[in-house]
1. Based on the Cβ-Cβ distance of D140 and Q100, what FRET efficiency does E = 1/(1 + (r/R0)^6) give at R0 = 35 Å, to the nearest 0.05?
2. Please work out the C-alpha center-to-center distance from segment 166-204 to segment 45-107 and express it in whole Å.
3. What residues qualify as long-range amide H neighbours of G198, i.e. H under 5 Å apart, gap of 5 or more or another chain, H built at 1.01 Å from N?
4. Ignoring ligands and nucleic acids, what accessible area does S86 show with a 1.4 Å probe (Å², nearest 10)?
5. Along its principal axes, what span do the Cα atoms of segment 121-241 show, with the longest given first and each in whole Å?
6. At a probe size of 1.4 Å, how large is the accessible area of F189, to the nearest 10 Å²?
7. Please report the net charge: other residues with Cβ closer than 11 Å to the Cβ of S195, K and R +1, D and E -1.
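The values are calculated or read from the model by the stated rules, or taken from the named source; none is laboratory data. Given the structure is predicted, the values throughout are model-derived calculations rather than measurements. Neighbour counts are summed over all protein chains in view; Cβ atoms, including those assigned to glycine, are modelled from backbone coordinates with ideal geometry. The accessibility values were calculated without ligands, DNA or RNA, using every heavy atom of the protein model including side chains. Shrake-Rupley method; radii C 1.70, N 1.55, O 1.52, S 1.80 Å.
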Amino acid sequence: MKSIFALTAALVLGLGIALGGYLAGDGLVKSRLGDRSISVKGLSEREVKADLALWALRFVVTGNDLATTQADVKRNADIVNSFLKSHGFSDDEIELQAPQVTDRLAQMYSSGEFNTRFIIAQQIVLRTTDVDKVAAANRDSSALVEQGVVLSNEYGPVRPSYLFTKIADIKPEMLEEATIRAREAAETFANDSGSRLGGIRRAWQGQFTILPRDETPGAQESEQIMKTVRVVSTVDYLLVD
C-alpha cells in the first residue's frame, strides 16, 4: 500500500510540475508575442517665409582728434539713417545704439606708436516685419559706400538676418502629418509581414528644425527669406498576429 501511495503521489507531483511548466511557457510565449513592435519615422516639411528681419549696420571711424572723430561718426550715422528712411523704414524700426569708444593711449598694456589714437564703432539696428523691403535695401547698400560709409562686422559680412517666429502656428498640423506618415509606414510593414498594427507603445515628437530652402554650398538659414521647417516623429507600434 505504501508503495502504491508513493507512486500515486509521485505521479500527481509530476503532472503538476508538467502542467505548471506548460502554463508558464505558454504565458512567456504570449508575453513575447504581445511585445512585438516596430519603430517607424514620419516626416513633415513646410516651406515658410521669414516674418522678421534684423539688420545691424555697423561702421567704424578712427582719428587722432576726438571731436573730429565723433563728428565723422555722426555724419555716418545720419547717412545710414537717411538711407533706411529712403527705403521706407520708420523711426520705430530704427535703433541707434550707444557708440563704443577706444582710446589707445588709455589702454593699460598699449605700447608703440599709433597712426590713430581714437577708434569709435557705431551700430544702427533695423528691426522690421517687412522682410522684402530689407532685402531690397540690402541689394542697394552699395549706395552707402558711395557716400563714404563702409559697413564692418567683427564676425563677418554685414548682412540682414531673416527669422521665422511662427512655428507654434504650424506645429499641430505638422505633428499630425508626421504621425499619419509614420502610421502609413508601419501599416505597410505590418501587411508585408502578415501582421496587423496594435496600439502605440511609445512616441517621440522630435525637434523642429529650420533649414535654408535652397541648400546651396555655404548657404546660411538666417540669410534666406524662404526656409524649410522640418520635423521627424518616431512612433513604436505593437504588432498583432
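1. Working: r = 27 Å, r/R0 = 0.77.
My answer for the efficiency is 0.85.
2. Answer, in whole Å: 50.
3. Sorted by chain and number, the residues that satisfy this are L238, L239, V240.
4. Its accessible surface works out to 90 Å², give or take rounding.
5. 77, 28, 24
6. 100 Å²
7. On the way: positive: R36, R196; negative: E187, D192, D241.
Summing Lys and Arg as +1 and Asp and Glu as -1 gives -1.
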